[in-house]
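Down below is the structure, laid out as structure tokens.
Any read-out appearing in this document is the output of simple, stated calculations on the displayed coordinates, not a laboratory observation. This structure is a prediction, so every number in the text was calculated from the model and none was measured. Counting neighbours? That spans all protein chains shown, and the Cβs are built from the backbone with ideal geometry, glycine included.
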Amino acid sequence: MPIVKEEAVCYVVQDDRLLVFTHLQHPMHITGVQVPAGTIKPGETPTQAAQRELFEETGLEGIVSRELGTMAYDVRPMRDEIANRHFLELRVPQQDLSRRWVAGEQDPSHGGASEPWECWWLPLVQAHVLATGLGSQLWKLSQH
């Protein structure tokens with residue numbers, strides 16, 4: 001029986017561009033294009049986790065503007081796990097959308113070595129390339 005992990009997934013959009021990252025030490029065909037996301041720690045709300053994950057994974061401080069919903073994602077066969085994902089929209093101060101920067105996770109939840117990646121702003125119309133179901137709730141961004 002797979003374990004269930006609660007996760008927060010961050011959607012940060014400015015001028016029709018989505019904040020994403022790609023790993024620098026792993027091939028794109030393995031890790032894909034991702035958005036900031038991660039495990040919700042015990043005692044943490046999805047909102048708190050999203051704000052923490054955004055900062056840890058990108059160096060940007062953001063505020064949750066709304067919750068978009070929850071969806072389960074079966075991580076198998078990679079891990080015997082179901083990710084119960086809480087999707088949240090966050091706002092950050094205005095950014096230079098042409099800028100790319102290196103960030104990463106110093107203490108990954110899977111316990112491995114630190115992981116560097118490159119953060120950048122993907123045109124929202126191209127967000128269908130997001131890996132592992134991370135784009136499943138993007139359609140809700142246009143609903144207010």
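The alpha carbon convex hull volume per residue for the chain rounds to 113 Å³. Could you work out [θ]222 nm for the chain from helices alone, using -39500 (n - 2.57) per DSSP H run of at least four and dividing by all its residues? Round to the nearest 500 deg cm²/dmol. One gets -3500 deg cm²/dmol as the mean residue ellipticity at 222 nm.
Note: region 1-77, Cα convex hull, 133 Å³ per residue. Taking loop as defined by DSSP and a crowding limit of 13 other beta carbons within 10 Å, which trypsin sites (Lys or Arg not before Pro) in region 36-103 fit? Qualifying residues, ordered by number: Arg79, Arg99, Arg100. Under a model in which nothing but the beta-carbon of Lys, Arg (+1) and Asp, Glu (-1) is charged, the chain shows a dipole of about 260 debye around its Cα centre.
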